[in-house]
Amino acid sequence: MEYNYDKKPECLSVLDDPCPGPRSLPKEDRPRERLLRGGAESLSDEDLLAVMLVSGIRGKNVTFFSRKLLAELNGVKEIPSAEELRDRVGLGISKACTIAAMLEFGRRKWAGGQRIQYPRDIYNIIWHHADRRQERFLCLSLNSAHELLASRIVTIGLVNRTIVHPREVFADPIHDRASAIAVAHNHPSGNLQPSDEDREITQRLQSAGNILGIELLDHLIFSESSYLSLRQEGLIGKT
């Protein structure tokens with residue numbers, strides 16, 4: 001099938017520091033009020049989790065738990081069980097069951113099937129990673145119709161650099177029996193120009209994909225406000 005061409009602070013490293021809760025914000029700036037005003041898509045991952053959690057416990061507000069939960073979810077490839085959320089995040093069993101059920105329902109209902117036809121379709125799936133302080137390298141597994149099978153974080157790097165190897169990128173798509181992949185990584189600086197390393201890994205991924213029979217559809221470099229497609233830039237050739 002032809003590939004047609006024509007936002008959220010994070011403080012995962014300071015979880016033990018005091019985190020101001022939503023009640024410390026003006027009412028109109030609290031996550032629930034912003035969701036009602038601008039829709040769920042306008043919230044960061046942290047804020048979405050805060051809305052789902054509703055409240056914290058004595059001595060630890062909902063912001064603390066939303067950040068801790070986000071750190072846990074970023075570090076795993078599968079949805080954690082309620083028991084894992086309870087033990088690793090410190091949630092009560094009721095909240096842990098609620099979060100596990102919401103995540104599973106979302107996976108069943110909307111995780112797969114979205115068709116990738118344009119670079120913006122990729123960006124719409126991964127844009128919420130753009131505000132992270134470290135580079136994240138992401139991989140989307142696609143079927144033969146270029147429909148989304150799964151979207152995963154492959155690696156999390158330093159402030160302005162992430163290191164990735166083709167074996168890490170293709171490990172899950174092979175398990176997914178994907179026919180194609182699209183990859184992306186954020187530039188925390190906001191500069192979307194590809195580095196020499198970006199060009200090199202793109203070429204290596206395309207070469208590895210050719211051997212495996214898994215097409216590299218595109219490689220996006222993205223920020224909070226925009227993106228650059230390496231295929232549109234001519235850095236990914238036709239296979």
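Computed from the coordinates by the stated procedures, all read-outs in this text should not be read as laboratory data. These numbers come from a predicted model, not from an experiment. Note that each Cβ is placed from the backbone with ideal geometry, even for glycine, and that neighbours are counted across all protein chains shown.
Taking 0.36 nm per residue of separation and subtracting the current Cα-Cα distance, fully stretching the chain between residue 195 and residue 232 would add 11.7 nm. For 227, 118, the sequence from fewest to most other C-beta atoms within 10 Å is 118, 227. Scaled against the 2.2 N^0.38 Å expected of a compact globular protein of N residues, the Cα radius of gyration of the stretch 122-239 reads 0.96. Each residue of the stretch 225-233 was assigned a 3J(HN,Hα) from its phi angle through the Karplus curve 6.51 cos²θ - 1.76 cosθ + 1.60 (θ = phi - 60°); the sequence is 10, 7, 8, 10, 9, 6, 5, 5, 7 Hz, with glycine and proline shown as x. Annotation for residue 103 and residue 147: the two label points, set 7 Å from Cα along the Cα-Cβ direction, are 2.5 nm apart. The trypsin sites (Lys or Arg not before Pro) of the stretch 182-238 that DSSP puts in a loop, and whose beta carbon has at most 12 other beta carbons within 10 Å, are 238.
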